[in-house]
Amino acid sequence: MALSDKESDDSKEDDSKEDRWGRRQFSVGKRECFICEKMNGIDDRKFVRRFSTSVESNYSGEHATTIDRDASVFGQNKIRKCSFPSCTLRFHENCFLVFTEGSSPNGPSDFLPRIHILDRNGDLCINLKDSKKWICPQHECNFCHQELLRTRAFQGKFIRCVKCVFAWHRSCVIVGSLHMDQKRDRYVLCPRHNSVKRVSKRNIPYCIKCENSFDNESQEMACDFCIRSFCHNCVRKNKTKEVKVESNPFVCDFCRCFDFPRIGDYVLATYKSKFWPARTLHADLLPVSLYSVNNFIEKLRKPGYVLVEWIEGLNVPNYDVVTCRDLVSFPKTLSCSFWNRMKIHANIYKATEAIYANSKAVGIKRPLPREVKAEILPKYTRIKTNINMRLARARSNIAEFGHCVCESINGKRCTVAHGCLNRISMTECPEDCDATYFERRNALTGGTKRQVLKRTAGVHGNENSLLLSQKMCTNNFLRYHDTNDDKLFMEEKPTKLKGFGAFAKCDINESTDLTEYIGQVITKEEYLEKLRFRSLFNDLEASYFGMQLTNDFYVDARNYGSIARSFNHSCEPNTKVDAVTVDGIYRLKISTIKNIKKDEELTFDYDTEITDGLVGMECFCGSKNCRLIIGKKANAARKTGIVKGYSMLNEQTNNDNGEGIQSRTTGFENFSGVIIYENSNHCDREHIERKQRKHAKENTQKKTKLVRFPDFDLILP
């Protein structure tokens, strides 16, 4: 909206005052805390949390309590400068930890302090003593934060409010914002700083959460400050306390947090006490011919008003100016009960159908803002072997088979066809497997003792000089695998909805060992602590890269790993992950289970168990038999008889600390609240036991030393 010359000069003068340090500091001294506005330590000042009765309860009481406890036990309270380059905003550490806007114990918040505190790796910092970066709210898009897209919220450039601490991507500025400087377009005056009240006396006739209509008025909880409505079922489902006293108006959390649509979004707006589809527009798009109509231009010079274009299916559009409290976002689908009433208006309903057919997706499917550049490669440090690998040693009561008795078939040994006991028990053969084989053959060849010793010495001398292609033993992939070779037949590329994925650069045959899942080996307690902390922030774009290696250790590939960390989930996977013992140390091997064509994505099944009361993460694999969610319900999962220790599971640990190694994966998308489940495959157990007895019998007949076999808890899938 173009301002008059006088108003433009006034805005430039105000802007120059606010911008006197190169960054707008909303009238706070250069070295003062922007929260308490003091330079020294603050007094025992109480930060009041406003209680919420809305259903938008993304955070539990435990979350709020955790943040308060962290603030109280954190001993330091020095003035910090925002770690973002060129930002001069300062704050006390304790002030920062308790600073919230629009929050409540059971409701959302415009600002989550702990998501702005990072460690040296740029990750969320669990222990404040390890913090390296403290980022102020000016470097987070408030709209993306409200949409739970909290990874992209910190990316790109922002436009800031001149009177408060919040900011947005330019393409994410919410309705009701007044752009202060048309030329540079760096600042806005957001709708938090207006006294505009709703005009309509009616609320929308359906629940804003479940989009179901109300059977009677007693089911409706109507916000007194906007046109949104909620049903009691959604209130109870979200465990939000239903408190509404006649003397106290009901304020929804959308109003508390100013969670309004963006400029350019499709909305339902009020006109003469009825609701009609419209699209919000930037004030500059108001036609000149309408400047003097209904005081449009005067309203658009104030925060809290928004220009809308009615969706009528006409060649000549009609415009209006409404308050930001007299509109709501479009229903999620055309099946919403509201649209049934609109069918009598044929042109409007037809135009609405076209919008749903071609509209941009919302939520996790919402495209990146123009200001955010899509990453070409994932950010992590590439390593060749696990960090702290020796932590995951096999238990002392589990012994390896040692040297197998596999003979050569077509120049290869220890294949699946050989029935190699080491391979069956998910253990790689010793490094001198071929040398021992030749030694055994030389002993059977006969000759004098001196001749046998001479041939044996020659075999051991040439063992280390053999090329990998010349070795006969095939059960030693992880021992000789080089992660640099992964790029010869695999590559990482961004996907549409699943972040980065791994794709085949050539055709790959079935039963081919691909790579090793590597990262940093950490204890179960440490990994789960990180997992629980991350789940508090409910980020739909958060990625998790942990895989359980044993009952006590995880492999975390978030910051250190290889291409294996980019393998996504599929309900019809083409690879699998096995926990394999190499020289007494557990490692994770990925191998194919079907033929893979060039450019096909490499995936495995996370096979998550979903506990009661939780909802599985939406699956985007696109396979014919897609389960639509990643995982299965707990009771159904146990009935499938999935093999203990080799099911690919997501995120949480096994509450049963039984013996045996386990291999399970975590998703590359946010999911929480799942546990491991265990079952046995008795046919496979009997097969291994028969192999054990046969091998023991052969060794006894040869009067050789009997190898002690362990009692196996691990059964092959």
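Restricting to the range 308-334, give me the number of residues that are touching a residue at least 60 places away in the same chain (Cβ under 8 Å) and surrounded by 15 or more Cβ atoms within 10 Å (Cβ to Cβ).
Our first condition is that a residue be touching a residue at least 60 places away in the same chain (Cβ under 8 Å); within the range 308-334, this holds for 322-333.
Next cut, surrounded by 15 or more Cβ atoms within 10 Å (Cβ to Cβ) only: 322-331.
So the answer is 10.
Candidates are the residues of the range 167-212 that are among the hydroxyl-bearing types (S, T, Y) and surrounded by 18 or more Cβ atoms within 10 Å (Cβ to Cβ); the one that is farthest from S337 (Cα to Cα) is Y187.
For every residue, the table says whether it meets (1) under 24 Å from E491 (Cα atoms); (2) modelled with pLDDT of 70 or more; (3) of a type outside the set (S, T, Y); (4) outside the structural domain of A392 (by TED's automatic domain parsing).
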| residue | (1), (2), (3), (4) |
| --- | --- |
| A564 | yes, yes, yes, no |
| S570 | yes, yes, no, no |
| R587 | yes, yes, yes, no |
| N595 | yes, yes, yes, no |
| F604 | yes, yes, yes, no |
| F620 | yes, yes, yes, no |
| N657 | no, no, yes, no |
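Considering only the range 296-307, how many residues are in contact (Cβ under 8 Å) with a residue 12 or more places away in the chain and out of contact with any helix residue (DSSP H, G or I) (no Cβ under 6 Å at 6 or more places or on another chain)?
In the first step, residues of the range 296-307 are kept if they are in contact (Cβ under 8 Å) with a residue 12 or more places away in the chain; the result is 296-297, 299-307.
Keeping just the survivors that are out of contact with any helix residue (DSSP H, G or I) (no Cβ under 6 Å at 6 or more places or on another chain) gives 297, 299, 301-302, 306.
The qualifying residues number 5.
Residues that are hydrophobic (A, V, I, L, M, F, W, C) and at pLDDT below 85 within the range 100-138 comprise just one, F111. Across the range 390-409, the number of residues qualifying as of a type in the set (S, T, N, Q) and either under 16 Å from A435 (Cβ atoms) or at pLDDT 85 or above (or both) comes to 1.
Taking first residues from the range 119-140 that are on the phi > 0 side of the Ramachandran plot and partners that are part of a loop (DSSP other than H, G, I, E, B), no Cβ contact under 6 Å between residues at least 6 apart in sequence or on separate chains turns up.
In the set (1) in a strand (DSSP E or B); (2) out of contact with any strand residue (DSSP E or B) (no Cβ under 7 Å at 6 or more places or on another chain); (3) aromatic (F, W, Y), the condition left unmet by Y544 is number (1).
The values are calculated or read from the model by the stated rules, or taken from the named source; none is laboratory data. Quick caveat: nothing in here was measured; it's all calculated off a predicted structure. Reconstructed Cβ throughout: ideal geometry from the backbone, glycine too, with neighbour counts over all protein chains shown.
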